[in-house]
Amino acid sequence: MAVPKGDCDLLGQSVPPSSRAQLGWLSPQSFGGCQSAAPVGVPDGSTEGPVFCLRAALHGGELNGIEIACRVAHRRDPEPLSRTLVSLPIVNLEGFVRHDRYIGDRRDLSRSFPGDPDGAYPARIADALMRDIIRHCDALADLHIGSFYRENLPQICADLTVPELAALDEGFYGLSVLQSVAPKGSLHGAAVAEGVPAVMFEAGAALTVDMAQVEAAVISNIGAMQHVGMIPGVIKAQPARPAFFKSRWVRAPASGIFISDVARSAWVEIDQRNGAVLDPITSSQAEICAPLSGTVSELAQNQFVSPGFALYRLGQRATQDELDSDGEALKQQIRDKARDGLTVPADSQVLPED
Ligand SMILES: [Zn+2]
């Protein structure tokens, strides 16, 4: 039976049940006379349940994530929610206004967690975010976008060998999942280390808004909220979700103008030509062939590249032999999730609950 809840206490304010508040988070990057609070949307429900956090724009130019976080928060009527959604659409305000990935000192906030109150500038911001918001949450979706003119498939990245993360991933509706261990210093890695189940959610390219990807992501995140018990009603059965338990980057063999022959989400066969890097000075070209068969889950836009620049990420399904040596949790995930195809199924355009 649903248990009525009291006020939500966050950022020094009390949000009454069945209401919506717009709070502000002031990080150590603010200073007197020139303070801009990062927006924090808080639709607060009427009954007890988990606190679910959607966090975007740790990298300032990741506009898809901003739109996803805002739309999920604004579409929810607070009253039927079990507990609280915390939506942080723009953490890195400095980078956002400059169309820039980094914070003011040119460092990567996404490699600074869990932070340090006495540490360097980004470590202090990370520490404050953990203390003020993340530790108050029960689950986290850490929204990111392809970096440096690369575009991602909309996908979940999580270490599915961790049961709590596999369980959280189960709720994200309709999108592919990529087995990955959180990088050192990432927010989702720090959250998991402190007992808050967290996955990284990637969708699209930076500095633009792709509404098809945004809409698919909104549906997927609302599915996750329903899965963790925040939204009442019957949970709609998941469509087939592609699962990639291995991936490999294909890098530029030389510097020059990269021109791709394949599209994001394409399937490529081993040794297939994917594109070329053209040298405009000598008119030479270096062909790029697939080192293995797989799906293009991340793709660089056509651009000037240096040797070693990551051009394609090929997602692979694991072989049975590999699964046999990787433990029962991984095999269970494969059994449950690995399916053919990569396109978001048409019926995923229907909201699970709306
Ligand atoms: Zn990012």
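Values quoted throughout were computed directly from the atomic coordinates according to the rules given, and no laboratory measurement underlies them. Keep in mind that this is a model prediction, so the values were computed, not measured. No Cβ is skipped: glycine too gets one built from the backbone with ideal geometry, and neighbour counts run over all protein chains shown.
A few points about this structure:
- Stretched out straight at 0.36 nm per residue, the stretch from residue 132 to residue 9 would grow longer than its current Cα-Cα span by 43.2 nm.
- Whole-Å distance, taken between Cα centres, linking segment 46-83 and segment 154-173: 18
- Compared with the dominant principal axis of the Cα atoms in the chain, helix 121-132 is inclined by about 50°.
- Neighbour counts of C-beta atoms inside 10 Å place 157, 137 in the sequence 137, 157, starting with the fewest.
- Burial ordering of 59, 188, 99, 227, fewest other beta-carbon atoms within 10 Å first: 99, 227, 59, 188
- Segment 104-141 and segment 189-215 have Cα centres separated by 16 Å.
- Footprinting exposure proxy for 178, 207, 140 (fewest neighbouring C-beta atoms within 10 Å first): 207, 178, 140
- Summing +1 for each Lys or Arg and -1 for each Asp or Glu among the other residues whose beta-carbon sits under 12 angstrom from that of residue 152 gives -2.
- The long axis of helix 211-227 is offset from the longest Cα principal axis of the chain by roughly 50 degrees.
- FRET efficiency estimate (nearest 0.05) - Cβ-Cβ, residue 263 to residue 310, R0 22 angstrom: 0.80
- Taking the longest Cα principal axis of the chain as reference, the axis of helix 63-75 is set at about 30 degrees.
- Efficiency of FRET between residue 237 and residue 118 - r from beta-carbon atoms, R0 41 angstrom, step 0.05: 0.25
- Local electrostatic count at residue 252 - Lys and Arg +1, Asp and Glu -1, tallied over other residues with Cβ under 13 Å: 0
- Nearest-0.05 FRET efficiency for residue 181 and residue 287, computed from C-beta distance (R0 30 Å): 0.40
- Beta bridges per DSSP with both ends in segment 8-227, % antiparallel, nearest 5: 45
- The radius of gyration of the Cα set in segment 8-227, together with its Dmax, comes out at 16.0, 48 angstrom.
- Cut-off 13 Å between beta-carbons: net charge of the residues surrounding residue 311, Lys and Arg +1, Asp and Glu -1: +2
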